[in-house]
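Input: a single structure, listed below in structure tokens.
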Amino acid sequence: MSEVFRDTEAPLGRPEAPRGTRWIRWTVVVVLVVPSIWAASGLGISMQRILEAPADMWRIIRPMLRPDFSYNQVFERTLPKVMESLYIAWIGTIVGALFSFLLSFAAAKNLSPRWLTFLVRNLFNAIRAFPELLLAFIFLPIFGLGAWTGTLAIGLHSIGTLGKLSSEVIEGIDPGPLEAIHSAGGRWPSVMRFGVLPQVLPTIVAYWLYRFEINLRVSAFLGVIGAGGVGAELVSQLRFRNFPAAGTVLLVTICVVLIIDTVSSMIRRRIITGKAGEEGPTELFDEPAAVGVL
């Protein structure tokens, strides 16, 4: 009996490693490392340049840490351009939301025939294949410099992104309400109005707000190529090496983006969960009028 307990109390040895795992690990390492080294060698970056990069960056960033808060720079140059980026993002989001909302029903497999969903889904894929910056380059010779070009680029790309997300939301609805409306003699408009929209609209609106946050960031750098927005002011100050003014542009832009992101996140949380956030100024969302609007 004691021999049996002695055998069970003996320390267990290390289990054998699965066969072939070492070769798999080395294969993965080679597949990842070798192309990375090959790609880095094609960039033409020397070790001296890498070592000098921190000092060069600090030489530019240090003057930006002393922003120019003069009235002319903040209120006459920076804020108007930041608001222009805001307008571009807002109008572009509205354009993307309207067109994507209409097309998303045609892209949903549970509401449309297969041939129609195939066409609309491929349209969304084709639109998403072109980033906003490339679309702005395409629109520049047509519409010229200015905010209109940036708005069209953001709006068109938003159609592809929001259309895909909205169609996936529609495909995930509960078919029970739709069957109940059909059994009661309801026609297609009634099915859409009372069976589909109440289920999908809160999530889709939340996607619209999230896309607006993304578009605001995108519109900030579209001005670099002359498509309107605060990017034009930033490039102008950097071109003349006015780093304090460039720091002002960056600081004001970051503050506006953070404020809008915070407010948009609270609204999205309220729409999806029906509850105000635990942090932040949520008193506005506790009012009955605001709840009714949302």
**OP:** Being more than 29 Å from the chain's Cα centre (by Cα) and assigned to a loop (DSSP other than H, G, I, E, B) narrows it down to one of R62, R49, R66, so name that one.
**Re:** R66
Subject >> Residue identified as in contact (Cβ under 8 Å) with a residue 12 or more places away in the chain and either within 20 Å of I154 (Cβ to Cβ) or in contact with a strand residue (DSSP E or B) (Cβ under 6 Å, 6 or more places away or on another chain) (or both) among R270, R217 >> reply: R217
**OP:** Could you identify the single residue in F240, F221, F212 that is among the aromatic types (F, W, Y), more than 19 Å from the chain's Cα centre (by Cα) and assigned by TED's automatic domain parsing to the domain that holds E84?
**Re:** F240
Subject >> Checking I60 against (1) without any contact (Cβ under 8 Å) to a residue 24 or more places away in the chain; (2) of a type in the set (A, V, I, L, M); (3) surrounded by 10 or more Cβ atoms within 10 Å (Cβ to Cβ); (4) closer than 24 Å to F221 by Cβ, the condition it does not meet >> reply: (1)
**OP:** Consider only pairs whose beta carbons are under 6 Å apart and that are at least six residues apart or on different chains; among these, list those whose first residue lies in the stretch 161-184 and is closer than 16 Å to F118 by Cα and whose second residue is in a helix (DSSP H, G or I) and of a type in the set (V, I, T).
**Re:** S166/I204; I170/V200
Original post:
Can A153 be described as part of a helix (DSSP H, G or I) and in contact with a Phe, Trp or Tyr (Cβ under 9 Å, 6 or more places away or on another chain)?
Top reply: yes
**OP:** Please work out which residue is modelled with the lowest pLDDT, limiting yourself to the stretch 78-129 and to residues that are polar (S, T, N, Q) and in a helix (DSSP H, G or I).
**Re:** T78
**OP:** Name the single residue, out of those in the stretch 179-193 being of a type outside the set (A, V, I, L, M, F, W, C) and out of contact with any helix residue (DSSP H, G or I) (no Cβ under 6 Å at 6 or more places or on another chain), that is farthest from N110 (Cα to Cα).
**Re:** G185
Subject >> From A232, A227, residue being in contact with a helix residue (DSSP H, G or I) (Cβ under 7 Å, 6 or more places away or on another chain), modelled with pLDDT under 85, within 25 Å of Y71 (Cα to Cα) and not basic (K, R) >> reply: A232
Original post:
Taking the stated definitions as given, is F69 surrounded by 10 or more Cβ atoms within 10 Å (Cβ to Cβ) and without any contact (Cβ under 8 Å) to a residue 60 or more places away in the chain?
Top reply: no
Original post:
So which helices (runs of 4 or more DSSP H) stay within the stretch 161-226 end to end and still have 2 or more residues that are touching a Ser or Thr at 6+ places or on another chain (Cβ under 7 Å), under 18 Å from S265 (Cβ atoms) and charged (D, E, K, R)?
Top reply: 197-222
Original post:
Within the group R121, R193, which residue is surrounded by 15 or more Cβ atoms within 10 Å (Cβ to Cβ) and in the same structural domain as V252 (by TED's automatic domain parsing)?
Top reply: R121
**OP:** Of all residues in the stretch 154-190, count the ones that are surrounded by 15 or more Cβ atoms within 10 Å (Cβ to Cβ) and modelled with pLDDT under 85.
**Re:** 6
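The values are calculated or read from the model by the stated rules, or taken from the named source; none is laboratory data. Since the structure is predicted, the reported quantities are computational estimates derived from the model, not experimental observations. Because the Cβ atoms are built from the backbone with ideal geometry, glycine has one as well, and the counts that use them run over all protein chains shown.
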